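Encoded as structure tokens, the structure appears first; notes follow it.
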Amino acid sequence: MRILVCVKRVPLTGGKMVLTADEQSLETRHLGFTISPHEECGVEEAVRLVEQHGGEITVLTLGPPEAEEQIRETLAIGADRGILLADGGEEWDPQATAAAIVAEAGDFDLIIFGNESADSGNYQVGIRVAHALGRPVVTGLKGLSIEDGRARCEQEVAGGRDVYVVPLPAVVTVLEGINLPRYPSVPAKLRARQKPVEAKTPERPSSRLEKLRLVVPPGQGKQAEILGQGPDAAPAVVEVMRELGVA
Amino acid sequence: MAVLVLVEHGEDELSRQAIAFASGLGEVEALAIDGDASGWPVERAHVAEGMDSYAPGAWARALEEVIDRVAPTAVVAAGTNRGNEVLAYVAARRDLPFAANCVSLLAQDSAGGASANGGESLTVTRVRWGGSLLEEARIHSSLPLLSVAPHAVPAAEGAGSPEVETFTPELDESDLLVQVAEHVDEVSTGISLAEAKVVVSGGRGVGSADGFGIIEELAAQLDAAVGCSRVVTSAGWRPHTDQVGQTGTKVSPDLYIACGISGATQHIAGCKGAKKILAINSDAEAPILASADYAVIGDLTEIVPAITAELRKARAP
Ligand SMILES: Cc1cc2nc3c(=O)[nH]c(=O)nc-3n(C[C@H](O)[C@H](O)[C@H](O)COP(=O)(O)OP(=O)(O)OC[C@H]3O[C@@H](n4cnc5c(N)ncnc54)[C@H](O)[C@@H]3O)c2cc1C
Ligand SMILES: Nc1ncnc2c1ncn2[C@@H]1O[C@H](COP(=O)(O)O)[C@@H](O)[C@H]1O
């Protein structure tokens, strides 16, 4: 089975969102980078499917050259090769992102996306890619198994699970919780350095969903009332609970 | 000019929020999938009949038929799983931009207006990072597709008396290729995290799976649900169903108690709907203090059992 997983490099923000002066992006000078937990689970799911059925995993990202770091991390989990599409230093809108992915997505049996990207959360790239390729897509999966050329896909819904069965080749989008990703071993990290990563530079079309500026929502920067230090604060806590009507 | 809203039976509150949002763009017409549409507070309701189990392609086809009939100026849905999915289908099929999880409308420019691309455009504010950041975005399209972030606007109230028109969408096989084939019931045990009045949540500071014993005891005293941070689920101390945050469950209790949780924006994205937040943290500088209403500084392994004991004492006859 040939599987493609699409991941997006995003900053690992801490307790506060800080913008650059031009309000076009987050201030990332002191931040690390990662991919969405949904996408991490997507990579893990691909590795498990290949462990079970055999095959090969390609990981694709559209991002800055530094996104090779995120590709290498997925190669350490068990992916086989990477594709790094250079974004030219600007975020692409979801239509353009999907088009760039479609150009690379020809002959995979399964393409795995996150349900939504961590930063822009457009909820659509996977569906657009599936449509362009004429393949079925099931979104928001919390369970996936492949049998006889079909994907059995499970969504968590009120009161239980909805099950979809679609023929391969197919596209799925997954949610964190579908599995518990493994941590890469040190030898796996070393092996990952030797795996191939192909770099390409697609042309960026103009944005039809155009980011004008980012805004930090109000409500950050409260000042908590300190009820006390250590266990001696317990009576004050219970007092507050009573006032709130929960104790 | 009409705005078309996809309403979902069973998601009445969020659908009414979508209607309220859409009313800022024109007279609202609704598309409902089967069922009784006579109560939606809109001018006209189109009801797609004979739609069996959920198939996103079929819902999108129904929406496209109404779009072609009504020629709306915009299409709006609630930012639910289905709302976002169906709009993304329409967006993909018609090669239109789609802005997910909008919170407000900023400006509408007609053809030749301020739009950089020369055509028509609509400017909105939408959420990023699960609500931790906002984006002002311009949608370059004569038919903007928008979903509305949950609880961004108050719901449209009251019972309407729409003109109801039923129709049977013309579906082809490909519209039904992706369709719910089976529903597996799962009995949920305990108090639902999403609906709990009180949530006692633990983070890395709890230290281990066993460390959650004191969290569970406090939760039991308060009839609360137990939550946790992502560090906890990644370590395998708790199941992912307990995770609160951007990629976990969004909670809105009267009181959220965060024990040994630093307050990363992605965690706060899941609990900022709480009326009050109490942080228990050994670090008086932890970022969570900027999101919390109350805090106790110190070691949670001492503080949490002390609160439980105090509650027990108060309840003893
Ligand atoms: C795209 C994305 C999505 C994410 N989604 C989520 C999500 O849904 N939910 C989520 O939680 N995280 C999420 N994260 C991870 C998030 O960024 C943080 O890494 C995580 O929330 C940190 O968990 P924590 O607060 O338990 O751990 P830490 O940040 O390590 O904080 C531990 C805290 O415990 C305190 N402490 C330690 N010992 C004690 C003690 N004995 N008594 C009292 N206090 C103590 C410390 O002072 C510290 O403040 C996401 C990240 C990304 C990039
Ligand atoms: N720049 C990107 N590079 C690779 N994959 C992406 C990129 N942007 C989005 N995706 C994929 O599409 C999914 C959905 O993204 P979105 O539609 O932006 O919410 C993500 O979880 C990724 O799997």
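Pick from A:Glu239, A:Glu198, A:Glu243, A:Glu203: which is more than 7 Å from chain B (Cβ to nearest Cβ), under 30 Å from B:Leu122 (Cβ atoms) and surrounded by fewer than 18 Cβ atoms within 10 Å (Cβ to Cβ)?
A:Glu203
Scan the range A:74-94 residue by residue and report those that are away from ligand 2 (no atom under 13 Å from the Cβ) and more than 14 Å from every other protein chain (Cβ to nearest Cβ).
A:Leu75, A:Ala76, A:Gly78, A:Ala79, A:Asp80, A:Arg81
Could you please let me know if A:Thr58 is under 21 Å from A:Gly126 (Cα atoms) and touching a Lys or Arg at 6+ places or on another chain (Cβ under 8 Å)?
yes
Has the range A:44-61 got at least one residue that is within 14 Å of chain B (Cβ to nearest Cβ) and out of contact with any Pro (no Cβ under 8 Å at 6 or more places or on another chain)?
The answer is yes; a qualifying residue exists.
Could we say that A:Ile178 is within 28 Å of B:Ala55 (Cα to Cα), assigned to a loop (DSSP other than H, G, I, E, B) and not basic (Lys, Arg) here?
So A:Ile178 fits the description; yes.
Counting only residues that are within 21 Å of A:Ala96 (Cα to Cα) and at pLDDT below 95, give me the strands (runs of 3 or more DSSP E) lying completely in the range B:72-138 with at least 1 of them.
Counting at least 1 such residues, we get B:121-128.
Kindly indicate which of B:Ala156, B:Ala196, B:Ala209, B:Ala152 is of a type outside the set (Val, Ile, Thr) and within 16 Å of ligand 1 (Cβ to nearest atom).
B:Ala209
Would you confirm whether any residue within the range B:31-49 is surrounded by fewer than 24 Cβ atoms within 10 Å (Cβ to Cβ) and assigned to a helix (DSSP H, G or I)?
Within the range B:31-49, not a single residue is surrounded by fewer than 24 Cβ atoms within 10 Å (Cβ to Cβ) and assigned to a helix (DSSP H, G or I).
Filter the range B:253-264 down to the residues that are surrounded by fewer than 24 Cβ atoms within 10 Å (Cβ to Cβ) and touching a residue at least 40 places away in the same chain (Cβ under 8 Å), then identify the one that is farthest from A:Thr13 (Cα to Cα).
B:Asp254
Which is assigned to a loop (DSSP other than H, G, I, E, B), under 30 Å from A:Arg213 (Cβ atoms) and out of contact with any strand residue (DSSP E or B) (no Cβ under 8 Å at 6 or more places or on another chain), of B:Pro154, B:Pro150?
B:Pro154
Just a yes or no: is a residue in the range A:177-192 closer than 27 Å to A:Leu12 by Cα, away from ligand 2 (no atom under 16 Å from the Cβ) and crowded, with 20+ Cβ neighbours inside 10 Å?
Yes: one or more hits.
Please work out if A:Gly177 is modelled with pLDDT of 95 or more and under 23 Å from the mean Cα position of the chain (by Cα).
Spelling it out, A:Gly177 is indeed modelled with pLDDT of 95 or more and under 23 Å from the mean Cα position of the chain (by Cα).
Looking at the range B:193-213, I want the residues that are farther than 18 Å from B:Leu278 by Cβ and have a partner that is of a type in the set (Phe, Trp, Tyr) and part of a loop (DSSP other than H, G, I, E, B) with Cβ atoms under 7 Å, at least 6 apart or on another chain. Which pairs are those?
Going by the 7 Å Cβ cut-off, the qualifying pairs are B:Ser208/B:Trp237; B:Ala209/B:Trp237.
Please work out which residue is nearest to A:Pro184 (Cα to Cα), limiting yourself to the range A:23-37 and to residues that are more than 16 Å from ligand 1 (Cβ to nearest atom) and in contact (Cβ under 8 Å) with a residue 40 or more places away in the chain.
Selected residue: A:Gln24.
One line per residue, one yes/no per condition, for (1) surrounded by 24 or more Cβ atoms within 10 Å (Cβ to Cβ); (2) not hydrophobic (A, V, I, L, M, F, W, C):
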residue: B:Thr189; (1), (2): no, yes
residue: B:Ala194; (1), (2): no, no
residue: B:Ser201; (1), (2): yes, yes
residue: B:Asp210; (1), (2): no, yes
residue: B:Gly227; (1), (2): yes, yes
residue: B:Gly245; (1), (2): yes, yes
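Quick one: B:Ile303 ticks every box in (1) β-branched (Val, Ile, Thr); (2) assigned to a loop (DSSP other than H, G, I, E, B); (3) within 9 Å of ligand 1 (Cβ to nearest atom) bar one, so which box is it?
(2)
Kindly evaluate A:Arg213 against the criterion of being under 17 Å from the mean Cα position of the chain (by Cα) and more than 13 Å from ligand 2 (Cβ to nearest atom).
When the stated conditions are applied, A:Arg213 does not pass them.
Of a type in the set (S, T, N, Q), within 30 Å of B:Glu310 (Cβ to Cβ) and not in a strand (DSSP E or B) - does that describe any residue in the range A:216-225?
yes
Might you let me know whether the range A:119-133 holds any residue that is within 24 Å of B:Ser147 (Cβ to Cβ), within 18 Å of the chain's Cα centre (by Cα) and surrounded by fewer than 24 Cβ atoms within 10 Å (Cβ to Cβ)?
The answer is yes; a qualifying residue exists.
Among the residues of the range A:13-28, are any within 14 Å of ligand 2 (Cβ to nearest atom) and within 17 Å of the chain's Cα centre (by Cα)?
no
For the range B:191-209, indicate whether the set of residues that are more than 8 Å from chain A (Cβ to nearest Cβ), touching an Asp or Glu at 6+ places or on another chain (Cβ under 7 Å) and of a type in the set (Gly, Ala, Ser) is non-empty.
No, there is no match, as no residue in the range B:191-209 is more than 8 Å from chain A (Cβ to nearest Cβ), touching an Asp or Glu at 6+ places or on another chain (Cβ under 7 Å) and of a type in the set (Gly, Ala, Ser).
Which of the residues spanning the range B:289-317 are over 17 Å from B:Glu216 (Cβ atoms), within 7 Å of chain A (Cβ to nearest Cβ) and hydrophobic (A, V, I, L, M, F, W, C)?
Listed by number, the residues that qualify are B:Leu289, B:Ala290, B:Ala292, B:Ala295, B:Val296, B:Ile297, B:Ala314.
Can you name the residue in the range A:43-65 that is within 13 Å of ligand 2 (Cβ to nearest atom) and not hydrophobic (A, V, I, L, M, F, W, C) and, of all such residues, is surrounded by the fewest Cβ atoms within 10 Å (Cβ to Cβ)?
Here the residue is A:Pro64.
Assuming A:Gly15 fulfils every condition listed in (1) buried (at least 16 other Cβ atoms within 10 Å of the Cβ); (2) within 16 Å of ligand 1 (Cβ to nearest atom); (3) closer than 27 Å to A:Ala96 by Cα; (4) not aromatic (Phe, Trp, Tyr) apart from one, which condition is it?
The number of the failed condition is (3).
The values are calculated or read from the model by the stated rules, or taken from the named source; none is laboratory data. All values derive from a computational prediction rather than experimental measurement. Cβ sites come from the backbone with ideal geometry, for glycine too, and all protein chains shown count toward neighbours.
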